[in-house]
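Worksheet: one structure, shown below.
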Amino acid sequence: MRKEKFFNRPEHKELRRYLRNNVTSAEVALWKRLRKKQVNGLLFRRQFGVGPYVLDFYCPELRLAIELDGAAHDTPEAILYDKERTAWLTGEFGIRVLRFRNEQVFETPDLVIEEIRKVVDE
């Protein structure tokens, strides 16, 4: 099977739609800074499917995923899941994953954007 079939799988369409319509406040805040090519003229998509996963934000041009983590990501099970997920995305597709805490988006949004820009400029 070609890798293109792994992007935005039809069977995950309803999940992606649900996630877009039920975003967290941190996702709303970051999306306001990413949409409309505000970061170095790059297109970011939200709730983008890659294989069995749905990424919070994804820049296809750079193969860059941005994930926001709230309290639900603090359990040992969630930490392991996130680690395995990141390893799969990196190994299977060469996708770089940046993770930020929800608190960072609210408390230091300019630093979050600066960190994203650093990766974009590399």
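The residues of the stretch 3-46 that are among the aromatic types (Phe, Trp, Tyr), open to solvent by less than 90 Å² (accessible area, probe 1.4 Å) and farther than 22 Å from Asp121 by Cβ, listed by number, are Phe6, Phe7. Whenever a residue of the stretch 90-104 is without any contact (Cβ under 8 Å) to a residue 24 or more places away in the chain, its partners that are buried (at least 16 other Cβ atoms within 10 Å of the Cβ), lying with C-beta atoms within less than 6 angstrom and at least six residues away or across chains, give the pairs Gln104/Val112. Per the conditions (1) without any contact (Cβ under 8 Å) to a residue 24 or more places away in the chain; (2) part of a loop (DSSP other than H, G, I, E, B), the sole criterion not satisfied by Lys83 is (2).
In the stretch 2-47, the residue that is modelled with the lowest pLDDT out of those that are on the phi > 0 side of the Ramachandran plot and not in a strand (DSSP E or B) is Asn8. In the stretch 49-56, is there at least one residue being among the aliphatic types (A, V, I, L, M) and over 24 Å from Arg117 (Cα atoms)? No, there is no match, as no residue in the stretch 49-56 is among the aliphatic types (A, V, I, L, M) and over 24 Å from Arg117 (Cα atoms). Summed over the stretch 27-74, residues that are free of Cβ contacts under 8 Å to residues at least 12 places away in the same chain and of a type in the set (Asp, Glu) total 1. For Val97, the conditions (1) under 18 Å from Tyr53 (Cα atoms); (2) open to solvent by 70 Å² or more (accessible area, probe 1.4 Å); (3) not small (Gly, Ala, Ser) are fulfilled apart from (2). A count restricted to the stretch 54-93 and to residues that are open to solvent by 40 Å² or more (accessible area, probe 1.4 Å) and aromatic (Phe, Trp, Tyr) stands at 2.
The values are calculated or read from the model by the stated rules, or taken from the named source; none is laboratory data. Source: prediction; values computed, not measured. When we count neighbours, we look across all protein chains shown, and the Cβ atoms used for this are built from the backbone with ideal geometry, even at glycine. Just the protein is used for accessible areas: all its heavy atoms, side chains included, with ligands, DNA and RNA removed. Shrake-Rupley method; radii C 1.70, N 1.55, O 1.52, S 1.80 Å.
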